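Below: one structure, written as structure tokens.
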Amino acid sequence: KFFNRRRLFRVRPALDSALNGQITVGSGTPLAVRLNDISCDGWGIVLSPEKSAQLSGVPEVRVAFTLPKSKISIAWRARSVHLTEHRTGVLFGATFVPEEGEGLAAEVEALAAYTREREEDMARWDTVQE
């Protein structure tokens with residue numbers, strides 16, 4: 001938490017749930033992914049070097065996912081920010097570029113509620129119990 005350089009704090013899914021989704025480059029075939037971390041303005045995924053090569057130099061993707069315990073599906077454009085070597089693969093980070101439309105307010109609120117809840121859960125784990 002002390003080295004989080006992003007504008008908004010990114011959270012990780014709970015240990016007992018996964019945040020699965022798909023990313024699509026242009027009109028290509030969707031690539032199944034598991035989101036490593038997420039905030040209201042972006043996300044990160046860890047990929048194998050082979051899969052990350054498909055995203056090298058790609059300026060924008062489309063990401064689709066459903067938050068755990070939610071029925072709201074989010075499918076937004078995302079601007080590529082980085083591909084960085086990670087201890088378990090390659091971390092691909094992107095920022096959301098949501099498009100105005102019906103349902104956007106509900107999607108934004110659902111994502112905000114999810115990240116708030118996860119941040120509170122994560123903070124409880126970070127506190128020292130006496």
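The values are calculated or read from the model by the stated rules, or taken from the named source; none is laboratory data. This structure is a prediction, so every number in the text was calculated from the model and none was measured. Heads up, the Cβs are rebuilt from the backbone with ideal geometry, glycines too, and the neighbour counts pull from every protein chain shown. Surface areas here come from the heavy atoms of the whole protein model, side chains and all, with no ligands, DNA or RNA. Shrake-Rupley method; radii C 1.70, N 1.55, O 1.52, S 1.80 Å.
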- Task: Provide the per-residue ³J(HN,Hα) series for the range 41-53, in order, calculated from phi with Karplus coefficients 6.51, -1.76, 1.60 and θ = phi - 60°, each as a whole number of Hz, with x at glycine and proline positions.
- Result: 10, x, 7, x, 10, 9, 10, 6, x, 5, 5, 5, 4
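Using a 1.4 angstrom probe on heavy atoms only, work out the carbon and sulfur share of the accessible area of the chain in %. If you can, show how the numbers build up before the last one.
Values: 4390 of 8400 Å².
Carbon-and-sulfur percentage of accessible area, whole number: 52.
Over the chain, average the accessible area per residue using a 1.4 Å probe and give it in Å², no decimals.
Working: 8400 Å² over 130 residues.
For the chain, the solvent-accessible area averages 65 Å² per residue.
Please compute the volume of the convex hull spanned by the alpha-carbon atoms of the range 36-99 and report it per residue in Å³. Display every interim value, and only then the final one.
Values: hull volume 5.7 nm³, N = 64.
It comes to 89 Å³ per residue, whole-number rounded.
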- Message: If you take every residue apart from GLU60 with its C-beta less than 14 Å away from the C-beta of GLU60, what net charge results, scoring Lys and Arg +1 and Asp and Glu -1?
- Response: +2
- Compactness ratio of the range 80-130: Cα Rg over 2.2 N^0.38 Å, N = residue count? 1.64
- Task: Take the Cα atoms of the chain, build their convex hull, and give its volume per residue in Å³.
- Result: 127 Å³
- Item | Positive dipole terminus of the range 41-82, leading residue within HIS82, VAL63, ALA53 (C-beta point charges) | VAL63
